[in-house]
Amino acid sequence: MQVLLVPIAGHRYALDAREVVEVLPMVEYRKAGTGPAWLLGLANLRGKLTPLVDLSIIVERTPTARTLGARIVVLRLENDLFAVRPDESRCIGLVVPEVTRLAQVDFDQESSHEGFAFFGAPHLGPTALDHEGMVQLLRCRRLLEGDDALRELPTRMDV
Amino acid sequence: MAARLAFHRSLLGRSMLYGVVPAVLVVLAVVTLNGVRAWTNLEASLKRDLLSATELAAAEIDIRNEKTVRLVEFMAFAQESGQFGRRAESLAMLERIMRESPDVYAAYIGYEPNADGNDAQGAVMGVPEEALGEGGRFYPYFKRDPKAIGGIRVEPLQEVDDDEGLWYRVPKERFERSRVRDAVITKPYSYFGTDIIETVVPIVMEGRFAGIVGLDVALTDVQARLSQIARELGADIFLETRGRFLAASTDIEGEPALRTTDIALSPLRPIFEETPTQGVRLDERVDPNSGESCYFVSATVPTGNWRIVVRKPTSAVLGQLSGLFIANMLTAIAGIIIIVSLLAALSIGMSRRVQLAKETAERIASGDLASDITAEVAAVKVQDESADLLRAMARMNGDLATIVESVRAASLRLSATSVELAANSRQQETTVNAFGASTAQIAAAIREISATGAELLRAVEHVEEGARRTATSATASRASLDGMAKTLTRLDEAAGDIGGRLRVIAEKASSITVVVETIAKVAEQTNLLSVNAAIEAEKAGEAGLGFLVVSREIRRLADQTAMASLDIERIVRQMQDAVSTGVTEMDRFAVEMRSGTASAQRVTTDLAAIIDDMDAAAVGFAEVERGMSAQGIGVTQIESAVRQVADGARQSSVSVAEFGRVADELAHATAVLQDAVARFHLSTSMGRDSASDSNCGAR
């Protein structure tokens with residue numbers, strides 16, 4: 001499948017390219033104030049206010065460094081965490097330290113691992129091997145589409 | 001030193017004899033007189049005290065007895081005035097008397113058998129069985145009993161074996177025989193184990209004896225009261241009635257229970273037999289019991305016909321007196337000791353000072369002025385005539401020593417001066433002779449000097465020539481140094497020019513860096529664009545495949561651009577480093593150039609100074625030349641002066657011989673003066689002090 005490669009804290013993660021709307025450089029945003037640490041706030045993306053979520057905190061428990069290479073990966077999700085009405089379709093911005101490139105990875109090979117849904121981490125999808133090493137698919141739908149998993153994620157960095 | 005005086009002739013001995021002996025005699029006389037008077041007074045006053053105290057005690061006991069008698073008479077009066085026969089009322093009265101009179105041991109009423117006609121009614125309301133005697137007779141006896149309720153108990157009266165009917169039969173018989181109805185105070189006896197005395201009065205109804213009323217007083221109460229009086233008096237007291245002891249404040253040895261004892265059996269019998277039974281009297285006699293000398297005072301207690309005897313040992317008086325005497329003696333002895341010490345201190349100090357003055361005077365008389373007594377005189381703090389004498393002696397000693405010392409020092413100096421004078425005159429003679437020889441030598445030396453001056457003149461001319469040559473060459477050097485300084489200044493300007501150009505290069509390199517950053521940003525945007533393009537192509541599916549390839553190529557191009565811009569950035573940074581190093585080097589070079597220029601200028605200045613100095617030296621040399629010529633003339637003048645000096649020396653040798661003779665005469669006179677002073681001895685320190693003080697010696 002075609003995925004967007006996102007290295008976080010030395011680990012290679014992949015996002016399904018079909019869910020990605022576009023990749024943007026880091027912009028200024030309004031901070032969320034109180035709330036979970038991974039919820040950064042609201043940003044004006046192409047004239048539309050979009051919530052920003054720090055993916056590094058969710059998968060590696062460390063905030064994304066504010067470097068020139070930091071990117072916002074815009075996803076379109078159905079019935080997401082921030083939806084007020086059901087069936088509402090809206091965008092969400094995942095803040096990541098870096099986006100490498102688009103790549104073709106097969107997660108169905110014999111050497112692959114099926115993921116950790118069984119251990120209560122449904123967003124950690126299957127892991128595959130390619131010539132550069134391990135790459136793990138992040139199931140953003142499972143992560144954000146009204147699943148309880150995200151609600152149970154730590155809301156403070158020191159937890 | 002004179003022989004020591006005998007003690008009785010010395011100051012100390014005589015002050016003792018005339019001061020202490022009379023004082024001791026007077027004090028002893030006063031003490032003895034006082035002692036005798038005190039003895040007499042004290043003895044008399046003690047006797048008076050004893051007499052009055054005994055009378056007082058007798059009166060007090062009499063009053064107590066009288067009170068009891070009055071109470072009994074009152075009871076009898078109450079019976080006779082209507083209470084007789086009213087048994088319950090009588091009992092209530094008895095009980096009330098018991099409660100209100102603590103001195104009373106018991107109170108009772110005894111009726112004749114059926115005297116009131118009520119014997120037959122027996123015990124009724126208010127009249128218990130215990131108040132009745134044989135056949136219902138009214139016979140109550142209230143007594144104190146600590147075990148009874150309220151401390152009082154009633155029981156029937158009873159006859160006792162040894163009372164001899166004292167309390168009932170005797171008053172009855174007495175009344176019937178002589179119609180006397182006075183109170184009877186019985187002698188002491190034991191009523192059922194309690195020693196008592198009784199006061200009884202008969203009840204007389206219509207001229208007939210109808211019964212008795214009475215009160216008992218326990219002897220223990222009398223005894224307690226007596227002991228209290230004895231303690232206050234500080235003596236022993238005995239109470240006697242009808243040949244028996246009633247009470248005593250003390251027990252006599254071997255007679256533990258003195259009360260109610262027959263006096264005839266007591267060791268004190270002689271006392272009581274010889275003491276009169278009337279009035280107050282004091283006797284001094286030996287106590288037959290203790291063998292001690294005592295005062296015995298006796299007095300009568302009229303009520304009850306008692307007698308009181310007070311005993312006090314005479315040693316109580318003596319004890320006080322001896323204490324007084326000892327205190328007097330101690331005071332007297334202390335006073336004598338103080339007088340003796342003061343006199344001794346005074347006399348010893350005075351005799352010591354007089355002795356010191358005497359010794360000093362003897363020493364001076366013998367011509368010894370060496371010893372110094374100022375320290376001893378300073379130690380004397382008293383201000384009396386002896387101390388003044390001593391101080392005058394010390395002053396005289398010091399003044400004499402000073403005078404003698406001055407004379408001696410002056411003679412010594414005179415002697416030394418005369419010796420010195422003689423030596424000087426001889427030495428002068430020798431000098432005058434030697435002087436003649438010296439003048440010849442001086443003349444030879446002067447000739448040598450004039451030859452040396454001519455040689456020096458030639459040498460100076462040579463040096464002047466050399467100096468002139470040096471000045472010429474220094475002028476040449478200065479010209480070449482000026483040229484060098486100009487060259488250096490031009491070099492400095494060139495270095496500054498190069499530094500300015502290098503700085504321009506550095507500014508250009510900074511501009512290149514800005515451009516490179518812009519290129520890197522463009523490459524980044526391109527990369528992002530290619531990723532988004534790829535995502536769009538993926539969404540387009542099959543149709544987007546070709547576009548995907550194009551986007552990948554764009555991304556590669558952007559990556560290469562980024563790499564190239566990184567290379568450029570690195571090269572520009574190296575170039576900047578090199579330029580800045582060059583600028584630094586140029587700056588340092590310029591500084592060195594400047595310092596070189598300054599050095600050259602300094603050397604030029606120095607050379608100019610040298611040239612000036614050389615010119616000045618040439619002038620100096622000319623002056624030296626002139627001086628040398630003048631010196632030659634001076635030498636000739638000196639030669640003629642020396643010759644005149646030699647003539648003068650020959651004349652002075654004659655007057656020196658005369659001077660020597662005068663000095664010899666002075667020495668002789670000084671020797672005579674020294675002999676006169678020699679008989680005085682002086683302390684070494686004094687000699688030194690005066691030797692340094694030459695003015696004083698001259699006077």
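Computed from the coordinates by the stated procedures, all read-outs in this text should not be read as laboratory data. The structure presented is a predicted model; accordingly, all values stated were derived computationally and were not measured. Neighbour counts run over all protein chains shown; Cβ positions are idealised from the backbone, glycine included.
Using the alpha-carbon centroid of each, what span in Å lies between the range B:99-150 and the range B:458-523?
One Cα centre to the other: 161 Å.
Given +1 on the Cβ of Lys and Arg, -1 on the Cβ of Asp and Glu, and no further charges, what dipole in debye does the protein assembly as shown carry about its Cα centre, rounded to the nearest 20?
The dipole of the protein assembly as shown has a size of about 1900 debye.
Counting Lys +1, Arg +1, Asp -1, Glu -1, what net charge surrounds B:Arg503 among other residues with beta carbon under 12 Å of its beta carbon?
That works out to -1.
Strictly over 27 Å apart at the Cα level, which of B:Lys47/B:Lys67; B:Lys143/B:Lys312; B:Lys67/B:Lys172; B:Lys358/B:Lys381 would you flag in this model?
B:Lys47/B:Lys67; B:Lys143/B:Lys312
Any chance you could run the full-extension gain for B:Gln228 through B:Leu346? It's 0.36 nm times the residue separation minus the Cα-Cα distance, nm to one decimal.
36.4 nm
Using Cβ counts within 10 Å as a stand-in for footprinting exposure, how do B:Tyr191, B:Tyr18, A:Tyr29 rank, fewest first?
Listed from fewest to most nearby Cβ atoms, that is B:Tyr18, A:Tyr29, B:Tyr191.
Please work out the C-alpha center-to-center distance from the range B:166-245 to the range B:4-76 and express it in whole Å.
43
Nearest-5 percent of antiparallel DSSP beta bridges in the protein assembly as shown?
Taking every DSSP beta bridge within the protein assembly as shown, about 95 percent pair in antiparallel fashion.
Arrange the peptides B:358-365, A:95-102, B:304-311 so that the one whose residues have, on average, the most other Cβ atoms within 10 Å appears first.
The packing order, highest mean first, is B:304-311, A:95-102, B:358-365.
For a quick check: sort A:His113, A:His131, A:His123, B:His462 by the number of other beta carbons within 10 angstrom, fewest at the front.
The order, fewest Cβ neighbours first, is A:His131, B:His462, A:His113, A:His123.
Which length gain, in nm to one decimal place, applies between B:Lys539 and B:Ala667 when the Cα-Cα distance is subtracted from 0.36 nm times their residue separation?
30.8 nm
Quick one, could you list the DSSP H helices from chain B stretching 24 Å or more along their long axis (Cα atoms) with average Kyte-Doolittle hydropathy of 1.0 or above?
The answer, listed by residue number, is B:315-365.
Can you give the calculated 222 nm mean residue ellipticity of chain B, where each DSSP H run of n ≥ 4 adds -39,500 (n - 2.57) and the sum is split over every residue, rounded to the nearest 500 deg cm²/dmol?
About -24500 deg cm²/dmol.
Arrange the peptides B:475-486, A:41-52, B:178-189 so that the one whose residues have, on average, the most other Cβ atoms within 10 Å appears first.
Answer by packing, highest mean first, reads B:178-189, A:41-52, B:475-486.
If we count other beta carbons within 10 Å of each Cβ, what is the order of A:Phe107, A:Phe116, B:Phe7, fewest first?
Arranged by neighbour count, lowest to highest, A:Phe107, A:Phe116, B:Phe7 become B:Phe7, A:Phe116, A:Phe107.
What is the sum of charges around B:Val301, taking Lys and Arg as +1, Asp and Glu as -1, for the other residues whose C-beta is under 15 Å from the C-beta of B:Val301?
Local charge sum for B:Val301: +3.
Please work out the C-alpha center-to-center distance from the range B:80-96 to the range A:25-81 and express it in whole Å.
Using only Cα atoms, the two centres lie 129 Å from each other.
In terms of the Cα gyration tensor, with a ≥ b ≥ c the square roots of its eigenvalues, is the protein assembly as shown rounded because a/c is under 1.5, prolate because a/b exceeds b/c, or oblate?
Here the protein assembly as shown falls in the oblate category.
If you take every residue apart from B:Arg285 with its C-beta less than 15 Å away from the C-beta of B:Arg285, what net charge results, scoring Lys and Arg +1 and Asp and Glu -1?
Neighbour charge sum, excluding B:Arg285 itself: -2.
Other chains near A:96-104: what is the mean number of their Cβ atoms within 10 Å of each residue's Cβ?
The mean count of partner-chain Cβ atoms within 10 Å per residue comes to 3.
Count, for each residue of B:518-526, the Cβ atoms from other chains sitting within 10 Å of its Cβ, then give me the mean as a whole number.
Mean number of neighbouring Cβ atoms from other chains: 1.
If you take the square roots of the eigenvalues of the alpha-carbon gyration tensor of the range B:340-444 and sort them as a ≥ b ≥ c, do you get rounded (a/c under 1.5), prolate (a/b over b/c) or oblate?
Prolate, because a/c is 1.5 or more and a/b exceeds b/c.
Partner chain Cβ atoms within 10 Å, averaged over the residues of B:527-538 - can you pull that number for me?
Per residue, the average neighbour count from other chains is 6.
What shape does chain B take by its C-alpha gyration tensor, where a ≥ b ≥ c are the square roots of the eigenvalues and a/c under 1.5 counts as rounded, a/b above b/c as prolate, and the rest as oblate?
In terms of gyration-tensor shape, oblate.
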